[in-house]
Amino acid sequence: MTDLLAAGVSRSLLDSGFAEVTLPSEGGTLLQEAITRSRAFFGLDAQVKKRHTSSDLNFGYRPMGVEYSISPDRPDLNECFTLWADRLDLIPAAEELAPLTDALLGWRGFLVPFVGDIVRHVADAFGDVTPPDFAKASYLQVNFYPQASSGGRDLLQDRHEDGHLLTVIHATDPGLEIWDGLDGARAVSTGAEQVLVMPGSVLTALTGGKVAPLYHQVRNHDLAGRISIMYFVNPELTEPLHPWNGDRKVDLRDQVRNKPSMFGLPDVPVL
Ligand SMILES: [Fe+2]
């Protein structure tokens, strides 16, 4: 049922460089449940949340101050929670977080086939190419901005592109700004049942530059409690990753694997 929607997203990515999507009702319900459960989690005591932090900070809860967009001395002003693939076993004490992890797995269950359809439709535009598998190398991340006004910064996240294949993002409150080929940045928002699909530089490499990475930033509107939820889509790196356009002999895996280092994060795992 989402295939027609995915075909439209694919056309928007190729023609406009990003896509605004109104979800079917079951997708919107799963998304809102994930937001509700995430808000409850971030409201927990700091010491409780830290119990769910992995030693490499890549799984589960990550306090503010680790991840950045341009420079380590300007960390993103949010804490976050990440679920890689469906690997609850990588999140310390995940069994204590069943309402949250159930909701995230539910939202992921909508996203995986939807994103699969999108990637296949984009690949089809380049002829006889095989889209990469992605589910085991992709992850959900929920960002929570507790006190946006602290620090006096105009931007909560500096201008960046995500360095992934695609990002599917929903935000509860204003702040996101994108450069979509027009003059300067413009504000975009998502309604309760809406997401944006943003291409990253891995899609740029795969398409031989046909789809540019969508640069974006998050402006500080002094809002407390803003939540954004992203599905960061990475290709699995177990097979060679050849461009769909241009020199098809090149293997793109090395440049994909260490892209998170530009944000202070570990390499992309395949789980
Ligand atoms: Fe981003």
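Remarks
- Backbone amide hydrogens, once placed in the peptide plane, bring residue 215 within less than 5 Å of 179, excluding anything fewer than 5 places away on its chain.
- J(HN,Hα) series, segment 39-50, from Karplus relation 6.51 cos²θ - 1.76 cosθ + 1.60, nearest Hz, glycine and proline x: 4, 5, 5, 5, x, 6, 4, 3, 5, 5, 4, 5
- Paramagnetic label zone (point 7 Å from Cα along Cα-to-C-beta, residue 247; backbone N under 17 Å) in segment 184-214: 204-210
- Computed from backbone phi with θ = phi - 60° and the Karplus coefficients 6.51, -1.76 and 1.60, the 3J(HN,Hα) list for segment 18-34 is 6, 9, 9, 10, 9, 6, x, 4, 5, x, x, 5, 5, 4, 5, 5, 4 Hz; x is used for glycine and proline.
- Each Lys or Arg adds one and each Asp or Glu takes one away; over the other residues whose Cβ falls under 15 Å from the Cβ of residue 92, this sums to +1.
- With helices as the sole contributors, the chain gives -8500 deg cm²/dmol at 222 nm; each DSSP H run of n ≥ 4 counts as -39500 (n - 2.57), and the sum is divided by every residue.
- Highest-MSF residue in the chain out of 252, 83, 165 [GNM, Cα springs under 10 Å]: 252
- Cα→Cβ-extended label distance, 7 Å offset, between residue 215 and residue 15, nm: 2.6
- Stretch gain in nm, segment residue 71-residue 25, where the contour uses 0.36 nm per residue and the Cα spacing is subtracted: 12.6 nm
- Rounded, prolate or oblate (a/c below 1.5 giving rounded, otherwise prolate when a/b exceeds b/c) for the chain by Cα gyration tensor: rounded
- Helix 98-124 axis, angle to the chain major axis (alpha carbon atoms, nearest 10°): 20
- To the nearest ten degrees, helix 3-16 and the longest principal axis of the Cα atoms of the chain are 80 degrees apart.
- Computed from label points 7 Å out along Cα-Cβ, the spacing between residue 95 and residue 158 is 4.3 nm.
Any read-out appearing in this document is the output of simple, stated calculations on the displayed coordinates, not a laboratory observation. Keep in mind the model is a prediction, meaning the values are calculated, not measured. Glycine also receives a Cβ, built like all others from the backbone with ideal geometry; neighbour counts cover every protein chain displayed.
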